[in-house]
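The values are calculated or read from the model by the stated rules, or taken from the named source; none is laboratory data. Since the model is a prediction, treat every value here as computed from it, not as a measurement. For neighbour counting, all protein chains shown are included, and Cβ atoms are generated from backbone atoms with ideal geometry for every residue, glycine included.
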Amino acid sequence: MEFSVKSGSPEKQRSACIVVGVFEPRRLSAIAEQLDEISEGYISNLLRRGDLEGKSGQMLLLHHVPNILSERVLLVGCGKERELDERQYRQIISKTINTLNETGSMEAVCFLSELHVKGRDTYWKVRQAVEATQDCLYSFDSLKTRKQEPRRPLRKIVFNVPTRKELPIGERAIAHGLAVSEGINTCKNVANMPPNICNPAYLAEQAKILENDYEKVSTEIIGEAQMQELGMGSYLAVGRGSQNESMMSIIKYQGGDDDSAPIVLVGKGLTFDSGGISIKPGEAMDEMKYDMGGAAGVLGAMHSLAELDLPINVIGVLAGCENMPGGNAYRPGDILTTMSGQTVEVLNTDAEGRLVLCDALTYVERFEPEAVVDVATLTGACVVALGKHATGLLSTHNPLAHELLNASDQSGDRAWRLPLWDEYQEQLESPFADFTNLGGRAAGTITAAAFLSRFTKKYHWAHLDIAGTAWRSGGKDKGSTGRPVSMLTQFLLNKSGVEQGE
Ligand code: BES
Ligand code: MN
Ligand code: ZN
């Protein structure tokens, strides 16, 4: 897809389609008003006859509107003018893109980027439009032998901005939006890849691809032999039942000074989580291929970051591993010695994510990080608490938590904080080891984070539980969402201090 910005009046556009908004009830946006005048009331006539109410997401495609140079005009319902919010804006853009893609317009000039969205500037509106467009044009069809593509797909879209002064801002918004979308696509592609292809070695290959594509990226792959030397007894135990070697991929992006402390992102990379000996029930078990969604998110954010060429240092860790039952698998009752030296009694082999992450979190101490954010499809309890809408955020450092919540608000990639008080630590007590890997039924998301917090004392740390947000479940619509790449990238953009809106 090709994107550009322009500042012009609608009647002068000579395009396959121009896209303008109509509010409820049957009220023309300023731009639609201009078209209506030129066409001598053609549009207002249609509305009066009841062809379009203006409800959010309604579409009416017109051909050969009198005195209009463009072949088509797409009227887009935007709901009540005062109620247009961020979520609705994105939804309207997505519906518009789908309509254009299915109705033969290979290019369009879109005036929806001029709609008023409370508290949001041109930069935000154009960038969100680019991200929403790329999101809805994505499909994972590399393993289909018969692909379904529209006959005349949308190729080019021009977003209009109100003044010429805003053209550079619009261009920056496109560049940023494209970089974020590239990372999101990378995340979706690896997350959707089936577990017979996407194993820990495959994750390592994806890291290598980034290294090859970007000057500032270098990688290091840590296999089982090296984990042994490092004393990562907990991480290794989880992978023992699998034929696929555990691999931790370290991706270093050096955009800042040599001596500036890096931000570290650690992603849970369970390329398949069967539950191990504490095996999961069969229903929807295929979806546990998405248990590497944290690693996919980190990879995607590293990709966006490299594409944006930000002047900071960031290290991404993909903690690749597969949790399988078998004669060599770890078992409930085992006591593991983690890299930190602390011992853990395994009460359930399905609480494996924290056992992999804890050693990865100890490993990253060596980078003396400014902050560490781990990203994981860690608990089913998070889906119960927050559903598919918000990522769970837990942190022992308030400023870091607020920075992430801010990034989440700016990007529309929602997160909600849960408490991490000391009281919850009691649920992890063990009669035989330092603590257990299981906190019981109550507050499962929090006790999982409480477990991790015992390994993150040496730096500022936050944890994102993306169990509900990383993918969509169920039938035809199933697939990776690319979350939380846009939140993470926004966090890094803010950290870097590069210019965004005005
Ligand atoms: N990967 C799962 C968490 C998960 C489950 C994410 C379903 C998304 C959907 C994790 O490894 C797991 O199995 N967690 C257990 C923990 C429990 C045994 C304490 C869970 O949530 O049931
Ligand atoms: Mn599990
Ligand atoms: Zn898991």
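Tallying residues that are more than 10 Å from ligand 1 (Cβ to nearest atom) and either part of a loop (DSSP other than H, G, I, E, B) or more than 21 Å from the chain's Cα centre (by Cα) (or both) within segment 269-284 yields 5.
Just to be sure, is E352 among the charged types (D, E, K, R), surrounded by fewer than 24 Cβ atoms within 10 Å (Cβ to Cβ) and at pLDDT 95 or above? It is false that E352 is among the charged types (D, E, K, R), surrounded by fewer than 24 Cβ atoms within 10 Å (Cβ to Cβ) and at pLDDT 95 or above. Listed by first and then second residue, the pairs with beta-carbon distance under 7 Å, at least 6 apart or on different chains, first residue in segment 16-43 and in contact (Cβ under 8 Å) with a residue 12 or more places away in the chain, second assigned to a strand (DSSP E or B) and surrounded by fewer than 17 Cβ atoms within 10 Å (Cβ to Cβ), are A16/E107. Residues that are within 20 Å of K125 (Cβ to Cβ) and touching a strand residue (DSSP E or B) at 6+ places or on another chain (Cβ under 7 Å) number at least 2 in the following strands (runs of 3 or more DSSP E) confined to segment 1-103: 2-6, 17-23, 72-77. Here V364, V372 are screened, and the one residue that is in a strand (DSSP E or B), crowded, with 21+ Cβ neighbours inside 10 Å, away from ligand 1 (no atom under 16 Å from the Cβ) and of a type outside the set (S, T, Y) is V372.
Just one of the numbered conditions (1) more than 14 Å from ligand 1 (Cβ to nearest atom); (2) under 30 Å from G241 (Cα atoms); (3) of a type in the set (D, E, K, R) is not true of R354; which one? (1) is the only condition that R354 fails.
If you filter segment 149-199 down to residues that are over 20 Å from E107 (Cα atoms) and β-branched (V, I, T), you find that the one that is nearest to the chain's Cα centre (by Cα) is I184. One residue stands out among those in segment 329-346 that are of a type in the set (S, T, Y) and within 33 Å of the chain's Cα centre (by Cα): the one that is farthest from C358 (Cα to Cα), which is Y330. A count restricted to segment 36-75 and to residues that are closer than 21 Å to M106 by Cα and either touching a Pro at 6+ places or on another chain (Cβ under 8 Å) or among the β-branched types (V, I, T) (or both) stands at 3. Apart from one condition, V217 fits all of (1) surrounded by fewer than 23 Cβ atoms within 10 Å (Cβ to Cβ); (2) over 30 Å from E114 (Cα atoms); (3) not basic (K, R); the exception is (1). Of the residues contained in segment 299-315, none is found to be in a strand (DSSP E or B) and among the acidic types (D, E).
Does any residue of segment 451-463 turn out to be of a type outside the set (D, E), more than 16 Å from ligand 3 (Cβ to nearest atom) and in a helix (DSSP H, G or I)? Checked against the condition, which is being of a type outside the set (D, E), more than 16 Å from ligand 3 (Cβ to nearest atom) and in a helix (DSSP H, G or I), segment 451-463 yields at least one hit.
Taking the criterion of being surrounded by fewer than 20 Cβ atoms within 10 Å (Cβ to Cβ), in contact (Cβ under 8 Å) with a residue 40 or more places away in the chain and away from ligand 1 (no atom under 13 Å from the Cβ), the residues of segment 330-339 that qualify are R331, D334, I335, T337.
Test A284 against the criterion of being touching a residue at least 60 places away in the same chain (Cβ under 8 Å) and either touching a Phe, Trp or Tyr at 6+ places or on another chain (Cβ under 9 Å) or crowded, with 20+ Cβ neighbours inside 10 Å (or both), and give yes or no. Criteria not met by A284.
To keep it simple, each residue is scored yes or no on (1) free of Cβ contacts under 8 Å to residues at least 24 places away in the same chain; (2) at positive phi.
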residue	(1), (2)
H176	no, no
I197	yes, no
M227	no, no
M248	no, no
G276	no, yes
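Quick grid of which residues meet (1) away from ligand 2 (no atom under 16 Å from the Cβ); (2) in contact with a Leu (Cβ under 9 Å, 6 or more places away or on another chain); (3) farther than 24 Å from P484 by Cβ; (4) among the β-branched types (V, I, T):
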residue: D413; (1), (2), (3), (4): yes, yes, no, no
residue: P419; (1), (2), (3), (4): yes, yes, no, no
residue: D422; (1), (2), (3), (4): yes, no, yes, no
residue: Q427; (1), (2), (3), (4): yes, yes, yes, no
residue: P431; (1), (2), (3), (4): yes, no, yes, no
residue: A443; (1), (2), (3), (4): yes, yes, no, no
residue: F451; (1), (2), (3), (4): no, yes, no, no
residue: K457; (1), (2), (3), (4): yes, no, yes, no
residue: L464; (1), (2), (3), (4): yes, yes, no, no
